[in-house]
Amino acid sequence: MYQWLHGYALKISFRYISNLNEAEELVSESFVKLFKNIQQFNYNLQSDPEALLKGWFKRIIVNTCIDHLRKTQLKLVSYDMSPEKDQQVDQQETGLDKIAYQEIIEAIRLLSPVYRTVFNLFVIEGYSHDEIADQLKISVGASKSNLSKARQNLRKLIKDKKEYKRYA
């Protein structure tokens with residue numbers, strides 16, 4: 001089970017944590033939580049227990065990352081530019097799509113931890129602003145504001161990169 005879910009878990013962790021060693025540590029912590037609480041997993045709810053387990057484990061990983069960020073970076077008003085890695089690309093995409101995808105991932109990596117977390121929770125994970133506010137212990141307004149600022153920063157980062165490439 002560890003080998004089956006490890007790559008999946010690392011990709012999710014990397015959306016939130018920019019340091020590979022920290023991401024690996026949180027993946028390990030997530031597996032400990034999974035194995036400790038496996039008796040709570042109810043595989044009879046759906047016809048595909050593997051998909052159900054992956055979804056349940058994804059929730060554990062996201063919560064573990066959020067808890068870690070809450071303890072460390074989210075308390076700081078941080079504007080540090082730290083890279084994040086996510087290599088998951090749909091195999092049906094064209095080369096042009098992959099380049100655009102890579103540019104977006106690069107831009108997301110440059111967001112501050114707070115903006116990156118809210119952006120990932122809203123856009124990637126599909127959480128509502130109420131859920132994000134509850135998870136991060138912030139107001140709904142702060143969640144909306146952080147998402148708006150994250151989107152503005154992403155637009156600027158992508159635009160600046162395209163202008164730089166044009167003159168390079």
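Quick grid of which residues meet (1) small (Gly, Ala, Ser); (2) surrounded by 12 or more Cβ atoms within 10 Å (Cβ to Cβ); (3) assigned by TED's automatic domain parsing to the domain that holds residue 104; (4) closer than 19 Å to residue 127 by Cα:
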residue	(1), (2), (3), (4)
9	yes, yes, no, yes
14	no, yes, no, yes
27	no, yes, no, no
48	no, no, no, no
56	no, yes, no, yes
66	no, yes, no, yes
70	no, yes, no, yes
Starting from region 39-65, keep only residues that are more than 18 Å from residue 28 (Cβ to Cβ), then list their pairs with residues that are at pLDDT below 85 and not in a helix (DSSP H, G or I) whose Cβ atoms are within a distance under 6 Å, requiring at least 6 positions of separation or different chains. 52/46
Under the condition of being touching a His at 6+ places or on another chain (Cβ under 8 Å) and either crowded, with 19+ Cβ neighbours inside 10 Å or of a type in the set (A, V, I, L, M) (or both), which residue from region 107-159 is nearest to residue 54 (Cα to Cα)? 122
What residue, among those in region 25-52 that are polar (S, T, N, Q) and at pLDDT 95 or above, is farthest from the chain's Cα centre (by Cα)? 28
Within the bounds of region 60-73, is there any residue that is of a type in the set (Ser, Thr, Tyr), farther than 22 Å from residue 132 by Cβ and modelled with pLDDT of 90 or more? no
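The values are calculated or read from the model by the stated rules, or taken from the named source; none is laboratory data. Only a predicted model underlies this, so the values are computations on that prediction, with no experimental measurement involved. So basically every Cβ, Gly included, is an ideal-geometry build from the backbone, and we count neighbours across all protein chains shown.
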